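So the structure is just underneath, and the comments pick up after that.
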Amino acid sequence: MKRSYIFIGGFLIFILIITIVGSNIVTGNTSIKKEKDILSVQSNKEVYFNGYGYSLDNPNVIINPYGNSPLTGIAMFETSDYSEVSISVNGDINYTFGKNKHHIIPIYGLYADYDNTIVLRSENKEKVINIKTDKLPDDFGEVLCDGNYSFYNGNYPYASDINGNVRWYLNKKYYGDITVYKDNIIIGNDSYTEDNHSTGIYRMNFLGKVYGEYLLNNVYYGNSIYDDGNIYALSKNIVMIDSQTGTISNLGKNDNYSYINVINGNVIVGKEDKFYSVKDKKFSEVESSEKSNIYSFYDGISEYKIVKGVRYGKLTTTNKYDKDISIIKYDKYDGKDINIKMDVNRISIYNNTGKEVYLILDKLFDKRIYEVKDTKYVNLNGLKGKYTIYYRIDGKVYKTDYYIEV
């Protein structure tokens with residue numbers, strides 16, 4: 001009897017060792033490298049956000065500090081006492097910050113392709129800073145104007161002043177409506193689905209700093225509002241996201257609504273010129289509701305404080321192809337018509353062959369197969385270890401020289 005237990009125990013240990021070792025053995029030579037995570041990138045940039053040893057006469061000025069908001073900057077310096085700092089941007093944007101000794105002053109509202117004038121005042125001193133900016137991107141598109149300052153998401157998210165001049169924009173393309181609360185921006189992230197929605201929501205500031213990324217269990221449809229620390233958004237359901245914890249609450253089914261707002265604590269959704277109040281997953285029709293797109297750059301905000309960006313939630317496990325494909329016989333793949341890359345959340349596969357393609361990820365005891373039409377996104381959730389990459393193209397199996405590691 002003891003020999004049986006010893007044999008069974010030894011066999012289980014052997015299987016465990018084989019599984020652990022096998023999950024890290026691949027036959028590909030080249031790893032698909034993960035793209036840089038935006039949260040890590042911005043943390044690396046913040047190392048240089050330092051005002052110590054600088055003065056109002058000689059501030060540390062960084063233009064476009066996070067690399068994605070070209071018409072912004074920060075000025076950093078110390079004052080001898082706890083002092084207020086006033087800022088004037090091109091003469092028409094003016095604001096006074098509360099008392100501090102170590103100052104990180106955000107600069108908002110620059111013009112594009114212009115020699116901007118910024119005036120800082122503190123302790124009866126004045127410093128004039130000139131900032132030359134680049135022109136707008138060639139594909140920027142039409143600039144709308146609905147007041148001073150109105151926010152839109154066209155080819156790029158942007159804000160225009162009453163004269164139709166762009167005074168702020170992000171140089172990457174983000175999804176859906178843009179909502180502003182003080183210096184918080186709520187907008188869909190730049191990670192798209194195969195149906196051209198996005199996988200979640202960013203809470204950012206005007207400088208382009210991502211405070212939080214909120215990944216949804218299903219897609220984000222691009223309509224949201226920020227109120228009292230919560231993000232209300234339209235997904236397959238109407239959801240409320242706690243911006244500090246990422247906790248998602250389901251408020252009710254999304255019946256093709258295209259509008260969401262919060263008025264006096266009441267969640268309002270709308271479609272086809274009809275509006276409904278949502279409470280306890282019940283809907284009652286209400287009067288029409290309007291949501292303003294006019295905000296201020298400096299709306300009761302404090303000086304800039306560096307806080308760590310956080311990602312909340314996980315994407316769901318991607319459904320696999322339900323039939324097996326043998327990889328015992330294969331040819332070597334040398335083609336360039338299938339591109340694959342990986343970020344912190346998922347694998348992206350782009351099929352430019354015009355043919356039927358299947359992606360095969362293989363490791364010991366774990367083979368994953370996915371059908372790839374034009375574009376396929378495979379979420380990393382559920383994957384662990386190293387996987388050799390194979391393709392089946394028009395019924396023929398090919399082994400690549402690449403592997404992924406999760």
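The values are calculated or read from the model by the stated rules, or taken from the named source; none is laboratory data. Being a predicted model, the structure only gives us computed values, none of them experimental. Backbone-built Cβ (ideal geometry, glycine too); neighbour counts: all protein chains shown.
Looking at this structure, is Ile129 surrounded by fewer than 23 Cβ atoms within 10 Å (Cβ to Cβ) and part of a strand (DSSP E or B)? Taking the combined requirement at face value, the residue satisfies it. When Tyr259 is tested against (1) within 30 Å of Glu84 (Cβ to Cβ); (2) touching a strand residue (DSSP E or B) at 6+ places or on another chain (Cβ under 9 Å), exactly one condition is not met: (1). A count restricted to region 164-181 and to residues that are within 15 Å of the chain's Cα centre (by Cα), farther than 20 Å from Asn237 by Cβ and not in a loop (DSSP other than H, G, I, E, B) stands at 1. Could you please let me know if Tyr391 is over 26 Å from the mean Cα position of the chain (by Cα), within 12 Å of Asp331 (Cα to Cα) and crowded, with 20+ Cβ neighbours inside 10 Å? It is true that Tyr391 is over 26 Å from the mean Cα position of the chain (by Cα), within 12 Å of Asp331 (Cα to Cα) and crowded, with 20+ Cβ neighbours inside 10 Å.
Scanning region 182-198 for residues that are of a type outside the set (Asp, Glu), within 11 Å of the chain's Cα centre (by Cα) and either at pLDDT 90 or above or more than 17 Å from Thr318 (Cα to Cα) (or both) turns up Ile186, Ile187, Gly188, Asn189, Ser191, Ser198.
Are any of the residues in region 213-233 more than 30 Å from Ile74 (Cα to Cα), at pLDDT 95 or above and out of contact with any helix residue (DSSP H, G or I) (no Cβ under 8 Å at 6 or more places or on another chain)? Looking for residues that are more than 30 Å from Ile74 (Cα to Cα), at pLDDT 95 or above and out of contact with any helix residue (DSSP H, G or I) (no Cβ under 8 Å at 6 or more places or on another chain), one finds at least one in region 213-233, hence yes.
So that you can scan it fast, the table gives a plain yes or no per residue for (1) at pLDDT 95 or above; (2) closer than 14 Å to Arg346 by Cα; (3) not in a strand (DSSP E or B):
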position	(1), (2), (3)
Val378	yes, yes, no
Gly382	no, yes, yes
Val397	yes, no, no
Thr400	yes, no, no
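Would you check if Thr133 is assigned by TED's automatic domain parsing to the domain that holds Phe297 and in contact (Cβ under 8 Å) with a residue 40 or more places away in the chain? In short, no. Tell me, yes or no, whether region 97-116 has at least one residue that is more than 21 Å from Tyr304 (Cα to Cα) and either among the acidic types (Asp, Glu) or within 23 Å of the chain's Cα centre (by Cα) (or both). Among the residues of region 97-116, at least one is more than 21 Å from Tyr304 (Cα to Cα) and either among the acidic types (Asp, Glu) or within 23 Å of the chain's Cα centre (by Cα) (or both), which makes the answer yes.
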